[in-house]
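One structure is given below, encoded as structure tokens.
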Amino acid sequence: MSLKMPAPDTAVLAKRDDIIAALRAIVPGEGVITKPHELKPFESDGLTAYRQPPMVVVLPETTAQVSAILRYCHKNNVKIVPRGSGTSLSGGALPLADAVLLGLSKFNRILAIDYDDRIAVVQPGVTNLAVTQAVQDEGFYYAPDPSSQIACSIGGNVAENSGGVHCLKYGLTTNNVLGVELVLMDGEIIRLGGRQLDPAGMDLLGLVVGSEGLLGVVTEVTLRLLPKPQTARALLIGFSSVERGGQCVADIIAAGIIPAGMEMMDKPAIHAAEAFVNVGYPLDVEALLIVELDGVAAECDHLIGEVEQIAHDNGAVSCKISGSEAERLAFWAGRKAAFPAVGRISPDYYCMDGTIPRRRLPEVLQRMAQMSERHGLGVANVFHAGDGNLHPLILYDANQPGQLERAEAFGNDILRLCVEVGGVLTGEHGVGVEKRDLMPVMFTPADLAQQQRVKCAFDPGLLLNPGKVFPSLHRCAELGRMHIHAGQVPFPDLPRF
Ligand SMILES: Cc1cc2nc3c(=O)[nH]c(=O)nc-3n(C[C@H](O)[C@H](O)[C@H](O)COP(=O)(O)OP(=O)(O)OC[C@H]3O[C@@H](n4cnc5c(N)ncnc54)[C@H](O)[C@@H]3O)c2cc1C
């Protein structure tokens with residue numbers, strides 16, 4: 001791997017047998033995995049370009065066990081990498097050679113559902129889709145819907161502040177989580193938030209959502225449930241250029257309409273998706289926009305008419321309106337399967353995640369096309385168009401020497417461009433290891449030092465998920481007395497990775 005991770009601690013590696021014995025005493029039975037071939041499935045997450053077998057995997061089943069594991073590791077200076085379903089696309093769950101990989105997959109129960117208060121209390125290993133499946137017969141659902149929802153866990157969603165097509169209208173994970181139970185690195189168990197929308201005290205829950213497993217291990221989550229909208233209908237709109245599609249998106253938002261979802265695909269993505277799911281996407285367009293409206297039927301009909309008119313004004317070359325639930329789902333099927341579909345046209349792809357101001361979309365796409373030529377690699381684009389979140393899929397072949405490095409360089413250029421045009425490094429996939437070294441492109445040394453002080457307040461020994469998110473290691477004691485003068489970080493001699 002071209003990525004530099006913290007050097008393994010030889011003192012910890014020398015104690016591996018003792019660590020395994022201690023973990024077995026906490027989690028008896030088959031909950032501790034040590035054999036090389038059994039560690040293999042855990043060696044990477046969704047960012048498969050990077051691999052590292054963990055020192056040992058432990059799969060606890062209770063909060064008390066998680067607490068005991070963290071307490072032991074804290075006392076013995078052993079690092080921990082939390083893991084949900086391992087679908088992170090930024091390498092957030094990438095193991096370390098000298099760390100315990102703490103898998104939460106056995107935390108897979110829905111503990112309580114309260115339809116009056118509209119909440120569900122779930123363990124972190126429950127998959128995102130399972131929450132909606134558990135409540136849909138009563139007319140409810142859980143709004144954030146990552147495309148990986150059949151596999152990704154609620155704990156992972158909390159750690160990454162995950163989004164999905166419905167987040168434009170209903171908010172990201174952070175807007176739909178009311179409370180968590182969190183085990184701190186020293187084994188202490190705390191509760192943040194609760195069953196109500198705005199609990200008293202500082203918003204530490206807001207801090208934990210999106211903290212990428214760096215502050216604590218989530219062992220229980222209270223989620224907000226929403227009543228299913230009476231109607232949902234979608235439009236499938238084709239454009240002769242991405243610019244026209246982008247303008248249509250801007251005009252829909254400017255008209256005060258907030259669609260339940262608004263997604264765009266460029267030509268390579270449309271062709272890949274259609275070949276994969278065969279749902280009748282037009283193949284003669286340069287951009288395809290899916291706009292979903294939901295609410296009461298009359299409101300939906302009215303808004304469908306408005307969006308149709310805006311599409312027409314922007315020179316749409318085709319426009320289909322879903323006439324049935326099956327057709328609406330078919331419109332979405334291609335978009336939801338876009339990633340695996342692209343996997344069929346290229347041996348490997350590297351999924352980027354950056355966000356830009358919507359109005360800069362045409363310019364960014366144009367510059368991305370130039371980069372594609374310069375790096376000699378293709379790119380297919382899917383976007384959460386409503387909120388400017390881009391997912392360029394860089395096409396490469398890992399078996400061709402140098403192509404992975406070129407894909408990474410291309411990806412870095414895209415993310416730098418996102419920041420340059422006023423956007424941000426990540427929309428929903430997190431920083432992980434993937435964007436770690438680009439953090440200084442977006443944040444000043446003072447910004448980064450302040451974020452690291454928050455990390456130190458939760459985990460002074462820097463034992464939780466080290467090597468992720470922060471581009472350089474500062475020992476907390478030094479950070480405590482760090483003074484940034486004229487943008488110069490002190491202790492430049494400290495090891496960087
Ligand atoms: C095909 C595909 C499509 C995707 N589409 C989307 C999408 O539409 N939107 C989106 O936002 N993401 C998407 N993702 C990315 C990914 O699914 C999300 O980031 C997801 O939330 C990760 O969940 P996970 O359970 O797999 O977590 P993991 O990959 O196991 O871990 C992710 C991070 O969370 C931490 N973590 C996990 N569990 C806990 C816990 N209990 N306590 C503390 N920290 C924890 C880990 O340390 C790591 O840093 C996609 C991924 C794939 C492969």
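Quick rundown of the values:
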item: LEU226 paired with GLN370, simple spin-label distance in nm, labels 7 Å along Cα-to-beta-carbon; result: 3.9 nm
item: Cα-centred dipole magnitude for the range 152-251, charges only on beta-carbon of K, R (+1) and D, E (-1), debye, nearest 20; result: 600 debye
item: Cα Rg over Rh - the chain, Kirkwood; result: 0.97
item: Relative contact order [Cα under 8 Å, 6+ residues apart], the chain, whole percent; result: 14 percent
item: Positive-end residue of ALA250, THR231, ALA273, charge dipole of the range 228-275 with Cβ unit charges; result: THR231
item: Carbon and sulfur %, accessible surface of the chain computed with the full protein complex present, 1.4 Å; result: 53 percent
item: Full-extension gain in nm, ARG118 to GLU30, via 0.36 nm per residue minus C-alpha separation; result: 28.0 nm
item: When each of LYS15/LYS435; LYS35/LYS79; LYS79/LYS468; LYS4/LYS435; LYS15/LYS106; LYS4/LYS35 is checked by Cα-Cα distance, pairs over 22 Å; result: LYS15/LYS435; LYS15/LYS106; LYS4/LYS35
item: Cα centre as origin, Lys/Arg/Asp/Glu Cβ charges: the range 353-448 dipole, Debye; result: 260 debye
item: Computed E for ALA254/CYS319 - FRET, C-beta separation, R0 22 angstrom, nearest 0.05; result: 0.70
item: Distribution of pairwise C-alpha distances over the range 212-328, 10 Å bins, in %; result: 13, 39, 26, 15, 7, 0
item: Any cysteine of the chain lacking a neighbouring Cys Cβ under 4.7 Å - listed by number; result: CYS73, CYS152, CYS167, CYS248, CYS300, CYS319, CYS351, CYS418
item: For the range 315-422: rounded, prolate or oblate by the Cα gyration tensor [a/c cutoff 1.5]; result: oblate
item: Residue (of VAL364, VAL421, GLY210) at the positive-pole extreme of the chain, dipole from beta-carbon charges; result: GLY210
item: Calculated FRET value between LYS40 and ARG344, using beta carbons and R₀ = 25 Å, to 0.05; result: 0.50
item: Top positive-direction residue, dipole computed over the chain with Cβ charges, set ALA64, VAL307, HIS474; result: HIS474
item: Cβ-placed point charges (K, R +1; D, E -1), dipole of the chain about Cα centre in debye, nearest 20; result: 1260 debye
item: Within the chain, helix-based [θ] at 222 nm, where runs of 4 or more DSSP H residues each add -39,500 (n - 2.57), nearest 500; result: -10000 deg cm²/dmol
item: Average accessible area per residue (Å²) across the range 38-138 - probe 1.4 Å, nucleic acids and ligands excluded; result: 38 Å²
item: Label zone at LEU129, where the point sits 7 Å out along the Cα-to-Cβ direction: the range 59-103 residues whose backbone N lies under 14 Å; result: none
item: Two-site FRET efficiency, ASP437 against GLN400, from Cβ-Cβ distance with R₀ of 22 Å, rounded to 0.05; result: 0.40
item: Full-extension gain in nm, ALA298 to GLN196, via 0.36 nm per residue minus C-alpha separation; result: 33.6 nm
item: Antiparallel content of DSSP bridges confined to the chain, in %, to 5; result: 85 percent
item: Bridge type composition, the range 64-134 - antiparallel percent by DSSP, nearest 5; result: 45 percent
item: Solvent-accessible heavy-atom area per residue, rounded to whole Å², over the range 262-344 at 1.4 Å; result: 41 Å²
item: For the range 1-98, alpha-carbon Rg and Dmax in angstrom; result: 13.3, 38
item: Accessible surface of THR174 - all protein chains present, 1.4 Å probe, nearest 10 Å²; result: 50 Å²
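The values are calculated or read from the model by the stated rules, or taken from the named source; none is laboratory data. A quick note: this is a predicted structure, and the numbers were derived from the prediction, not measured. Cβ coordinates were reconstructed from backbone atoms using ideal geometry, including for glycine residues, and neighbour counts include every protein chain displayed. Areas reflect the complete protein model, heavy atoms only, side chains present, ligands, DNA and RNA absent. Shrake-Rupley method; radii C 1.70, N 1.55, O 1.52, S 1.80 Å.
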